[in-house]
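Below is one structure, written out as structure tokens, with a few remarks after it.
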Amino acid sequence: MPAKKPSAASARTARSKATAAAPTVATAETNGKAEKSSSSKRRIFIVDDHPIVRQGLVQLINKEPDMEVVGEGEDVYESIRAIRTASPDLCLVDVSLKSGDGLELMKEIKSSNPEQAVLILSMHDEKLYAERALRAGARGYIMKQEPPQVLVNAIRNVLAGEIYVSPNMGATLLHRMVGSKTASNLTPMDRLTDRELEVFRMIGAGMRVRDIAEKLFLSAKTIEAHREHIKEKLGLKTSAELLRFAIRNTPDSN
């Protein structure tokens, strides 16, 4: 007796069951979408010589839904290599580092990648460093005394292509622009080069010539030359006068 052919309804039911039982397979297309979603976060690299500070910044930034920390560094040389590997959207850099200086690091970063966004985060007075940092290529300057949300907003502003400084510093810069700042109205501190200012800050922190030379990978003779230039530009005659002036004008040196 010939077997009965299954009805059309039975065939449809069988196909539905087979489809429901089939395992879900992640295709290259769906995987690519997932990777794209994950990589939509903006990538931040932190450079600071204090581990506790870095840890706090990592926690703060990684809580945000649109950004993530992709690397950390504590000195100039290791950070340069790590930044090239990580390819961050923004580098958050302190002025004072374990070896070298944040402004020098920023110049190195910008020389190899002029489009790299850098936001300076420092305990040092913005009146002394902010304009200098912006001239060197930073997209913003923020002091560590600011509330966490202000820092997050500053990061977002710089990532959006804007320049960030505090309202007070912004007003100061506008006044200087309107006043056409020239060599005739520069303050003595403005006349210091970036390297001289770095040496000046270290003198104010109580560091000896030998210690400064080791930290900056320079000779003691070079540091002595910087000291003489600083004294000349600031109108100081003796090393004792320089030390006292440096201590008074760098109260937050570390």
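Brief remarks on what is shown
- Residue check, E72 part of a helix (DSSP H, G or I) and under 21 Å from L216 (Cα atoms): no
- Selected residue (only one of A220, A205 is at pLDDT 90 or above and outside the structural domain of V76 (by TED's automatic domain parsing)): A220
Residues checked against (1) over 24 Å from Q145 (Cβ atoms); (2) small (G, A, S); (3) crowded, with 20+ Cβ neighbours inside 10 Å:
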site	(1), (2), (3)
S87	yes, yes, no
L92	no, no, yes
V95	no, no, yes
S99	yes, yes, no
G102	no, yes, yes
V118	no, no, yes
L121	no, no, yes
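- Against the test of being under 30 Å from Y77 (Cβ atoms) and exposed (fewer than 13 other Cβ atoms within 10 Å of the Cβ), the options E232, E126, E196, E228 yield a single qualifying residue, E228.
- Residue that is nearest to I109 (Cα to Cα), among those in region 131-148 that are among the charged types (D, E, K, R) and more than 13 Å from the chain's Cα centre (by Cα): R135
- Taken together, the residues in region 40-66 that are more than 14 Å from the chain's Cα centre (by Cα) and either assigned to a strand (DSSP E or B) or buried (at least 19 other Cβ atoms within 10 Å of the Cβ) (or both) amount to 0.
The values are calculated or read from the model by the stated rules, or taken from the named source; none is laboratory data. Note that the structure is predicted; figures quoted are calculated from it, not measured. Please note: Cβ atoms are built from the backbone with ideal geometry, for glycine as well, and neighbour counts cover all protein chains shown.
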